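Worksheet: the structure to be examined is printed underneath.
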Amino acid sequence: MRAQEIRNAFSNYFIRNGHDKHKSSSLVPHNDNTLLFANAGMNQFKDFFTGKATPSNRRAVTIQKCVRAGGKHNDLENVGFTARHHTYFEMMGNFSFGDYFKKDAIKFAWELLTVDLKIPKEKLRVTVHEGDDEALNIWHKDMGVPLEWIYKLGDKSNFWDMGDVGPCGPCTEIFFDHGPEKSTGTPPGLQEIDDEGRFVEIWNLVFMQYEKYREGDEIKRKSLPKPSVDTGGGLERFAAALQGKYYNYDTDLFEPIMNAIEKLSGKNYYTTTSDDVKSSFRVIADHIRSSTMLITDGVIPANDGRGYVLRRIIRRAVRHLELLGIKDITFYKLVPAVFESLGMEYPDNASNAALAEKLLKLEEEKFRKTLNTGLDLIKGELAALKPGQAFSGDVAFKLYDTFGFPLDLTEVILREKNLTLDTKAFDVAMDKQKANSKKGSKFKVQEDNLKLFYGIKEKSGDTVFTGYTENESKAKLIAKEEINGVYHLVFDRTPFYGEGGGQVGDKGEVFGKEGKLATVSDTQKPVDGLHDHLSEDADALEVGQEYTLKINREERELTKRNHSATHLLQSALMKVLGSHVKQAGSSVGPDRLRFDFTHSEALKLSEIQQVEELVNASIGRHLPVSSDVMSKDQATQKGAMALFGEKYGDKVRVLTMGDFSIELCGGTHVTNTGDIGAFKVIVETALASGVRRIEAITSSTAMDWLLKRSALLADLERDFGVKEEKVLEKISSLQLENRSKAKIIEETNEKIIAAAVAGEPMKKIVIQQESLKSGLQLKIADASTCAASEIKTVMDKIQDKYPQDVVFVHHTEGEKLSCVLRRPKNDSQTDCSAILKEAFQLIDGKGGGKADNAQGSGNAKNKIQFLSKILALVNK
């Protein structure tokens, strides 16, 4: 049975049994900063399990795309070296939110496996929690599973919880028997329920029947009034069992990718006898799946957070391409093979394939250069190693952290040379980085005030938003809370837009019969559907009373123009640059708009001008702007663009601007593009690798900006005595003249410095000479009579005159001391970088360089001690 047939069989079985099929949520968790990536099917149903939201159907089934790489669930380093570790996998699951419980959950699982999927019963084994006799009896008495096929295990294996507090409960796991040939050598039984031997877990059924809660310093547990069920079975494991494969990588899910790698490498995965070659195939195949799915869900390679994990995955794959002998930029060519097996189930991801190819190509090009830099660093460190000395753990960590060099690559290179690594020092550096990451992590639990707002929503329902058609509304205050000196006001209805979709929250005022009573400084949506009005002067407002809410109309109008212009901008960028352009972030306020988008290089001036012309032409055409609410599928059929990686509800709002733009958007907009007035790009810059940022202005702000530029041009015309079309020509002429004069000045200064070094009294440079134990001479030159920018020129001239000597040049200006240290070519002992690094401790200095040439600067306060230290270290 092929993977797509398994997906269909799983979904259809539960649909027949009253479950609603839910689409997979994005790999980027929606409104959940506690998770790095979606790593289980239950993630999108968290609020249903905790009671914060109510589902329309208490039965659900999903096939959820998951990534486990980074954070608590991290399988990255094991991938490729085991039969079934993956960074990307698909979790098939059925869920009951207070509906059916253990008996039905077990019945569904057993019937699907043994009847629909036709797995022989004798090929299955079961574990239950040691205290869950109810589940054991259901398996044995109701399902007819022999007691010798059921194993009792403790909390570590068969008890699940969401965290320190919250829903929890025992679980029962179903294992598939891969046959005695996969035995680990122990008798068939408990010892082999180990997930990597003969019996492999394929399905886990979690029974959420308790809730852990804190009482004082104690964690206590109570029974839930409506127990729930959360199950998860890996598609890759199901496929291996049903296709008679032990390794997940040998199933049809990976076949198109393995075939593509074979064509690129000239090696055969299925016939090779090399474990190393097989491992590299598996690493690349797994990592192209996770990289492709992450990028097409909105994750961009970066140096922190989710983007950093993605970058590590890509670089590990590139390293294994190297090991297969593939030297060309290749990784991106595997993207089409990914969607041969995943495209049918995840069409939204497949539609972004071009973006994945573009970013993966860019990342590989960058890392191939980094890879060579890292190899050069290793070579330099190896040359300096003394016999029996371990390779520096600090250097290995620098390779890992700065150059993105996988640790296992460093270890392989060292093993080839019979060298060891100081792993202790590496671990210390890694732990330090992890501690720092935790301090600034974006993925901490931020539940401080959410329970409060969830409680308000549960009691009073969603806030009715009237702001699409009204600038002021009468509303009843249903909640008022003061947190850290700021009042949080929730009304039953409001014209105030809560920040979201890149648009800032509205500001405004609250009025009563007596007049103005409060100023609203911002509007947020702490939980979906609830508008939170922030105010510092709402003392007089009372819960239960009715008030008039008025937004700041001027700021709203400007924000609307900027938001509508953002839609026109995205369409224009796609027309000029290509369909790979996707929104990667935005910020829309009254003063300007900011739009981040995927593109691998800086825009040419001509491209920016084309974009501006397209947007302004659409403004000039006075296109009607309309909105419609429809299903997500209807919106997709209509051609509406969605923010990739975003989660949308059953109904979406589609915003159409004539024939130029159609997008999903919940923000506020103009009714006609002509209302925008004008559009001007003011900044285009890089945000991250493969991501560009445009900042632009519209309306009166754009007109003011253009008028100022016009006045500036008039001033230039007057000062240069030329007309508009000749201004640039005049500036170019002056620049050429200045460069010519600067060259003459530079050449003159070099002659003066050369004369000073030669002893001529034009510009006095004192050169002190010291004899070293090594037999070499040290020249110490004080270049303080020169400009600080000339210190390297002084060094060059002295080294030209004394090529066999170590040279140290220093320069003092005010409280700053700058210096350069170089050794001659015949000196391999003096380590300039190490010497300056140690001496800089005396002057709080910073610098860098290599063993033969280093420089830096610091505080001149301890200059005498610093110079003495340099002499002592060079003469060591």
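The values are calculated or read from the model by the stated rules, or taken from the named source; none is laboratory data. The model shown is predicted, which means the values in this text are computed figures rather than measured ones. All Cβ positions, glycine included, derive from the backbone under ideal geometry; neighbour counts span all protein chains shown. Ligands, DNA and RNA are excluded from the accessible area calculation, which covers all protein heavy atoms including side chains. Shrake-Rupley method; radii C 1.70, N 1.55, O 1.52, S 1.80 Å.
Kindly provide the set of residues from segment 328-340 that are touching a Pro at 6+ places or on another chain (Cβ under 8 Å) and either surrounded by fewer than 20 Cβ atoms within 10 Å (Cβ to Cβ) or under 15 Å from residue 315 (Cα atoms) (or both), ordered by number. Of everything in segment 328-340, just one residue is touching a Pro at 6+ places or on another chain (Cβ under 8 Å) and either surrounded by fewer than 20 Cβ atoms within 10 Å (Cβ to Cβ) or under 15 Å from residue 315 (Cα atoms) (or both), namely 340.
Each row is one residue, and each column tells you yes or no for (1) free of Cβ contacts under 8 Å to residues at least 12 places away in the same chain; (2) open to solvent by 30 Å² or more (accessible area, probe 1.4 Å).
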| residue | (1), (2) |
| --- | --- |
| 12 | yes, yes |
| 22 | no, yes |
| 45 | no, no |
| 52 | no, yes |
| 59 | no, yes |
| 62 | no, no |
| 87 | no, no |
| 101 | no, yes |
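When 137, 94 are checked against the criterion of being polar (S, T, N, Q), closer than 23 Å to residue 167 by Cα and either modelled with pLDDT of 95 or more or over 41 Å from the mean Cα position of the chain (by Cα) (or both), a single residue qualifies: 94. Residues being assigned to a helix (DSSP H, G or I), under 21 Å from residue 248 (Cβ atoms) and open to solvent by less than 40 Å² (accessible area, probe 1.4 Å) are represented in segment 347-361 by at least one member. Residue 291 meets the conditions (1) modelled with pLDDT under 90; (2) in contact with a strand residue (DSSP E or B) (Cβ under 9 Å, 6 or more places away or on another chain) in every case but one. The failed one is (1).
If you take the residues in segment 217-247 that are of a type in the set (A, V, I, L, M) and in a helix (DSSP H, G or I), which one is most open to solvent (accessible area, probe 1.4 Å)?
Ranking the candidates gives 242 first.
Just to be sure before I move on: is residue 111 open to solvent by less than 10 Å² (accessible area, probe 1.4 Å) and among the acidic types (Asp, Glu) in the structure I sent? So residue 111 does not fit the description; no. If you go through segment 581-602 and keep only what is touching a helix residue (DSSP H, G or I) at 6+ places or on another chain (Cβ under 9 Å) and open to solvent by less than 20 Å² (accessible area, probe 1.4 Å), you end up with 581, 588, 589, 593, 595, 597, 598, 599.
Among the residues of segment 621-642, count how many are part of a helix (DSSP H, G or I) and open to solvent by less than 50 Å² (accessible area, probe 1.4 Å).
2
Across segment 731-761, the number of residues qualifying as open to solvent by 70 Å² or more (accessible area, probe 1.4 Å) and at pLDDT 85 or above comes to 3.
Among the residues that make up segment 661-676, is at least one of them at pLDDT 95 or above, assigned to a helix (DSSP H, G or I) and open to solvent by 50 Å² or more (accessible area, probe 1.4 Å)? Scanning segment 661-676, I find at least one residue that is at pLDDT 95 or above, assigned to a helix (DSSP H, G or I) and open to solvent by 50 Å² or more (accessible area, probe 1.4 Å), so the answer is yes. Within segment 701-727, residues that are polar (S, T, N, Q) reach partners that are exposed (fewer than 14 other Cβ atoms within 10 Å of the Cβ) with beta carbons closer than 9 Å, at six or more positions or on different chains, in the pairs 701/591.
Quick grid of which residues meet (1) farther than 20 Å from residue 786 by Cα; (2) in contact with a Lys or Arg (Cβ under 7 Å, 6 or more places away or on another chain); (3) open to solvent by 60 Å² or more (accessible area, probe 1.4 Å); (4) among the aromatic types (Phe, Trp, Tyr):
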| site | (1), (2), (3), (4) |
| --- | --- |
| 804 | yes, no, yes, no |
| 807 | no, yes, no, no |
| 818 | no, no, no, no |
| 826 | yes, no, yes, no |
| 835 | yes, no, no, no |
| 838 | yes, no, yes, no |
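Taken over segment 687-715, the residue count meeting the criterion of being in a helix (DSSP H, G or I), open to solvent by 50 Å² or more (accessible area, probe 1.4 Å) and of a type outside the set (S, T, N, Q) is 11. Can you confirm whether segment 655-674 contains a residue that is under 17 Å from residue 298 (Cα atoms) and without any contact (Cβ under 8 Å) to a residue 60 or more places away in the chain? The answer is yes, given that some residue of segment 655-674 is under 17 Å from residue 298 (Cα atoms) and without any contact (Cβ under 8 Å) to a residue 60 or more places away in the chain.
Which of the residues belonging to segment 298-315 are over 13 Å from residue 360 (Cβ atoms) and either open to solvent by less than 10 Å² (accessible area, probe 1.4 Å) or touching an Asp or Glu at 6+ places or on another chain (Cβ under 8 Å) (or both)? Matches in segment 298-315: 298, 307. Criterion applied to 404, 388, 380 was being at pLDDT below 85 and crowded, with 21+ Cβ neighbours inside 10 Å, and the one residue passing it is 404. Looking at the structure I just gave you, is residue 322 part of a helix (DSSP H, G or I) and without any contact (Cβ under 8 Å) to a residue 24 or more places away in the chain? The answer is no for residue 322.
Quickly run through segment 792-802 and pick out the residues that are part of a helix (DSSP H, G or I) and either under 20 Å from residue 770 (Cβ atoms) or open to solvent by 40 Å² or more (accessible area, probe 1.4 Å) (or both).
Quick first cut of segment 792-802, residues part of a helix (DSSP H, G or I) only: 792-801.
Matches in segment 792-802: 792, 794, 795, 796, 797, 798, 799, 800, 801.
Inside segment 124-143, can you point out the residues that are small (Gly, Ala, Ser) and either closer than 15 Å to residue 105 by Cα or in a strand (DSSP E or B) (or both)?
Matches in segment 124-143: 135 only.
Would you mind stating whether residue 792 is out of contact with any Leu (no Cβ under 6 Å at 6 or more places or on another chain) and under 23 Å from residue 384 (Cβ atoms)? When the stated conditions are applied, residue 792 does not pass them. A Cβ distance below 7 Å, combined with a sequence gap of six or more or placement on separate chains, defines the contacts here; from segment 276-298, residues that are within 12 Å of residue 79 (Cα to Cα) reach residues that are of a type in the set (Lys, Arg) and modelled with pLDDT under 95 in the pairs 283/316; 287/316. Once segment 484-542 is narrowed to residues that are in a loop (DSSP other than H, G, I, E, B) and among the basic types (Lys, Arg), the residue that is most open to solvent (accessible area, probe 1.4 Å) is 513. Of the listed requirements (1) assigned to a strand (DSSP E or B); (2) over 36 Å from the mean Cα position of the chain (by Cα), residue 470 misses just one: (1). Is it the case that segment 418-432 has a residue that's open to solvent by 50 Å² or more (accessible area, probe 1.4 Å), more than 30 Å from residue 310 (Cβ to Cβ) and either at pLDDT 90 or above or touching a helix residue (DSSP H, G or I) at 6+ places or on another chain (Cβ under 8 Å) (or both)? The answer is yes, given that some residue of segment 418-432 is open to solvent by 50 Å² or more (accessible area, probe 1.4 Å), more than 30 Å from residue 310 (Cβ to Cβ) and either at pLDDT 90 or above or touching a helix residue (DSSP H, G or I) at 6+ places or on another chain (Cβ under 8 Å) (or both). For the criterion of being open to solvent by 20 Å² or more (accessible area, probe 1.4 Å), of a type outside the set (A, V, I, L, M) and either within 30 Å of residue 519 (Cβ to Cβ) or touching a helix residue (DSSP H, G or I) at 6+ places or on another chain (Cβ under 6 Å) (or both), residue 607 passes.
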